[in-house]
Every structure is written in C-alpha cells, then in structure tokens.
Amino acid sequence: MTICQFSLAAEPLHPAVLSRPLAHLAAGAFVSFEGWVRNHNAGKTVLALEYEVYTTLALKEGERIVATAIERFDLLGAIAYHRYGTLQLGDIAVWVGTTAAHRRQAFAGTAYIIDEIKCRLPIWKKEYYAGAPATWVYCREHRH
Amino acid sequence: MTICQFSLAAEPLHPAVLSRPLAHLAAGAFVSFEGWVRNHNAGKTVLALEYEVYTTLALKEGERIVATAIERFDLLGAIAYHRYGTLQLGDIAVWVGTTAAHRRQAFAGTAYIIDEIKCRLPIWKKEYYAGAPATWVYCREHRH
Amino acid sequence: MSAPNSPKIIHLRYFALLREQAHTESEERPTTAGTYAELYQELQRCYGFSLPLGQMKVAVNDTFVDLSTPVQEGDDVVFIPPVAGG
Amino acid sequence: MSAPNSPKIIHLRYFALLREQAHTESEERPTTAGTYAELYQELQRCYGFSLPLGQMKVAVNDTFVDLSTPVQEGDDVVFIPPVAGG
C-alpha cells in the first residue's frame, strides 16, 4: 500500500511520529526534509513568523504535489506536513518524508515536494524582525 | 559551533535522538537519510543481514567524509551513524543528518555523505536469503 | 439570466497582504468586471492593492483558473498573491 | 637491519570474505614479498582467496596506501575487499 498524504498542522510537528506510516519492508531508503524557522533572512534578524493559509486549495495542491512525486520518482510512500499560525525560532515549519527502494528516488522525491510546496502552495509567510517592519516574504518563482 | 560527527553503533538507531545536537537557530534546512534493511535485493528474498567493520579505519574515513561534506557544502552541522553486527528487516542500517542555511546545501551534503559511506567506508555486508546461500554484497563503485 | 453589464454578485476572500490592504477577510460584491483580471483592477482602484496584476493568480471555487476567465455570478473568488511555503 | 630477501614479520587482519577464506581473523606472518600486491598474491596462493588483486585495496597501520608500497617489518596490514556501507 502506497502512503500519500498532505496535511496542515496548527501544532508543533514531531518527525518521529509523522514518519511512522512510511515503514515498509520493501523500502531501502528514507529521506526527510525539515524546514526550520531561522533567526535571520536577507540580513535581518527574524524574531518569529506567521503562516496564513487558504486551507481548501492548499490541501488540494499539497495532495497533488505528493501524488505527483510518488508517480514521477516511483516512491513507496510520501508524507508532507505544513504548519500554519504563529511559529517561533527553531520550530519545524514543514516536514517532508519519502521512502523508495533506492536512495536516488527518495532524495529526488523529497526535493521535488519541498520545491513545489515553496512556490505553489497557497500559503503566505509574514516575518517579524528586530528593528524593521514585519513583511510578507515570498518565493521568487511563484507559480501554479 | 559546527557539529561534525561519525559513529559506529552496535544497537538500534533512534533518529529523533541522533538529530538533537544539530539544532541551530541559523539553520533553515535539515535533511536526513536513513538506509533501511530491505526484504529484497537483486531478485532474492532477504531475511537478515550482517555488517562487519574495520573499526579504526572506518571511524577515520567516516569522520573525513563528514568533515569534507561540511566544508564543501557549507553545512552548519552533519552527523552520521552506521550500525554493525546482525540487523533485522526494517532496521535502520545508516542514519545521516545535515543542517544548512538553505535546503540545496543540506540535500547535497546528505547525499554526498551517504554516497561516500556506501563506497568508501571499510564495512562489509553479508546478506542472508531464503533459499540461496548468504553472500557478501558490495558497492560496484568500490574506491578509496 | 442577467442583461449585459448588469452586476454579478460574487464572494471574495482575502489573504495575507490583500487581506491587510482590504481591511477585511471576505465580502459579497456586485461587479460589472468581465474577467478576473478586470475584477482585480477594480479592486486595486477600490482598496489600493500594491501588488501588480502580473504577480497575481486567481482561484475560483477552490480551483486555479486563468485571469482571463469570465466572471460568473455566485463565484467564490480568491486572488493569490505571491506565496511562500516552507 | 635484515638482509635482502630475508623474511619480514608482519601482522595481518582479515575481514569479511577474506576472513572466511583464510579461516582466521588475524595472524603474524613472515613474508619475503616486496610489495603489498605481491603479498596479496602470496596469500591468494596460500588461502585460495577468490577475489582478484584488481578489486583489492590495502590499509597499512590504519591508513590506505598504494598496493605498490614496499612491505615494512612490523606493519599492521589489512586487505580491503570491495565494501558495502549503507
């Protein structure tokens, strides 16, 4: 059975729990990506950030991204989670995990999913800085 | 402080514990790889496997691989663990985790470390099959 | 059903910068705009949206559509400013 | 210290297939082999090692060296058959 899952989460993400459904005896490789809230961006000191999400469309797009990755890279399973609301420094904003028979597939699948999430998912990020006005930042390759 | 660590482990690996030292507020990306013991290889049913390791040299080579990755891909930290002894299906044979400011660096760093571990670390894998003699398998690109 | 140029009622939702500049999360709005591109320009004039049309996408009834698509009575419309997942 | 061609005592350790084919994990061994390549060929004749020299690497005193390096008295020698991490 292939696991194909995209979720939005209001609460902190726990990778050890999220990856559990991917256990699969035919899988030789598991690759995960975590996006962490950094303390800096474009030379400014980041204090916190906020994600605002268009839920219905984000879930549709997210599931489409994960399903495409599974098909294109012959994955045995793929799961992605994206946080929304207010996040603190060091929080996991996004978690992606994929499994495959071999490592190249899992690396390519995980990279594809996070690339697409960054530029295609209808979710917006507002960064709060020390000594500068909060700003909506965005992916330069915005597309759909 | 940059974390640079390579270890050999006789006991099961717990990624959530292993990745803890990599927490870093300047890191925006964390990428991990896990090599899992698969139930098949080259058309044969795998029952279990055994890793035999030349400890002193494996630790030297492993540390060199991790240090090179940090330098080459500008990582904020990198840790790798390799199991030895007898492993069961589904066990984690190897775990690699890296952090960087941006995701491309972390993906490249993690992929580099596992590529080098597979073909350069003095460690040998014997696979036990259903209905076929156990075999020492090896990386086709064996080099040092 | 409606005569040419008679207003259509649509439902609009606003996110992120558009929400802040419109000072609202949603509204019912009568419009005579023919396409979503024209509708965005109308909203720009109304609310002073700073983002140019060229940076905008639009979703209608939770599906991405082309900005040149004709506006339909009763549509649920969301303009999508540049996104930033991850 | 020793005359030309007089045997040198080295310490050998065997791993994986070599260990199985030598039926031992280690040995002290006198050898007149000039290089590690020659030493491997001597061991092949002795133990019937099935792996050809071309697939072999060698570590001396826990450091990879070239197979053409001269054998030194007291060396700790490990021939490295093809590896398989991960």
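See the values below:
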| item | result |
| --- | --- |
| Residues of the range A:81-95 that turn out to be more than 9 Å from every other protein chain (Cβ to nearest Cβ) and either in contact (Cβ under 8 Å) with a residue 60 or more places away in the chain or under 18 Å from residue A:115 (Cβ atoms) (or both), as a count | 6 |
| Test: residue in the range A:7-15 that is within 11 Å of chain B (Cβ to nearest Cβ), open to solvent by 10 Å² or more (accessible area, probe 1.4 Å) and in a helix (DSSP H, G or I) | yes |
| Residue within the range D:74-82 that is over 22 Å from residue B:56 (Cβ atoms) and of a type outside the set (Asp, Glu) present | no |
| When residues of the range A:111-140 are limited to those that are more than 29 Å from residue B:20 (Cα to Cα) and small (Gly, Ala, Ser), the one surrounded by the fewest Cβ atoms within 10 Å (Cβ to Cβ) | A:131 |
| Output for the range B:45-57, where each listed residue is within 13 Å of chain A (Cβ to nearest Cβ) and either closer than 30 Å to residue C:84 by Cβ or not hydroxyl-bearing (Ser, Thr, Tyr) (or both) | B:46, B:47, B:48, B:49 |
| Residue count, the range A:6-54 (criterion: under 30 Å from residue A:134 (Cα atoms) and basic (Lys, Arg)) | 2 |
| Condition broken by residue A:79, with the remaining ones in (1) in a strand (DSSP E or B); (2) within 27 Å of residue C:64 (Cα to Cα); (3) open to solvent by 10 Å² or more (accessible area, probe 1.4 Å); (4) of a type in the set (A, V, I, L, M) satisfied | (3) |
| Filter result (among the hydrophobic types (A, V, I, L, M, F, W, C) and under 11 Å from residue B:116 (Cβ atoms)) within the range B:52-66 | B:65, B:66 |
| Count of the range A:110-139 residues which are more than 10 Å from chain C (Cβ to nearest Cβ) and among the polar types (S, T, N, Q) | 1 |
| Looking only at the range B:16-37, and only at residues there that are closer than 16 Å to residue B:82 by Cα and open to solvent by less than 10 Å² (accessible area, probe 1.4 Å), the one that is farthest from the other protein chains (Cβ to nearest Cβ) | B:37 |
| Within the range D:5-60, considering residues that are under 18 Å from residue B:126 (Cα atoms) and of a type in the set (Gly, Ala, Ser), the one nearest to the other protein chains (Cβ to nearest Cβ) | D:16 |
| Condition check for residue B:108: open to solvent by 20 Å² or more (accessible area, probe 1.4 Å), out of contact with any strand residue (DSSP E or B) (no Cβ under 8 Å at 6 or more places or on another chain) and hydrophobic (A, V, I, L, M, F, W, C) | yes |
| Answer from D:69, D:31 - the residue that is open to solvent by 10 Å² or more (accessible area, probe 1.4 Å) and modelled with pLDDT of 95 or more | D:69 |
| Residue check, residue D:64 hydrophobic (A, V, I, L, M, F, W, C) and within 30 Å of residue B:111 (Cβ to Cβ) | yes |
| Failed condition for residue A:66, given (1) surrounded by fewer than 20 Cβ atoms within 10 Å (Cβ to Cβ); (2) farther than 23 Å from residue B:19 by Cα | (1) |
| Qualifying positions in the range C:4-28 - open to solvent by 70 Å² or more (accessible area, probe 1.4 Å) and more than 25 Å from residue A:119 (Cα to Cα) | C:4, C:5, C:7, C:9, C:23, C:28 |
| Residue in the range A:47-57 that is farther than 25 Å from residue B:20 by Cβ, in contact (Cβ under 8 Å) with a residue 24 or more places away in the chain and part of a loop (DSSP other than H, G, I, E, B) present | yes |
| Verdict on residue D:47 being over 25 Å from residue B:9 (Cβ atoms), in contact (Cβ under 8 Å) with a residue 24 or more places away in the chain and open to solvent by less than 10 Å² (accessible area, probe 1.4 Å) | no |
| Within the range A:86-144, tally of residues that are of a type in the set (Phe, Trp, Tyr), closer than 28 Å to residue B:89 by Cα and in a strand (DSSP E or B) | 1 |
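The values are calculated or read from the model by the stated rules, or taken from the named source; none is laboratory data. Since the structure is predicted, the reported quantities are computational estimates derived from the model, not experimental observations. A quick note on method: Cβ atoms are made from the backbone with ideal geometry, for glycine too, and the neighbour counts reach across all protein chains shown. Just the protein is used for accessible areas: all its heavy atoms, side chains included, with ligands, DNA and RNA removed. Shrake-Rupley method; radii C 1.70, N 1.55, O 1.52, S 1.80 Å.
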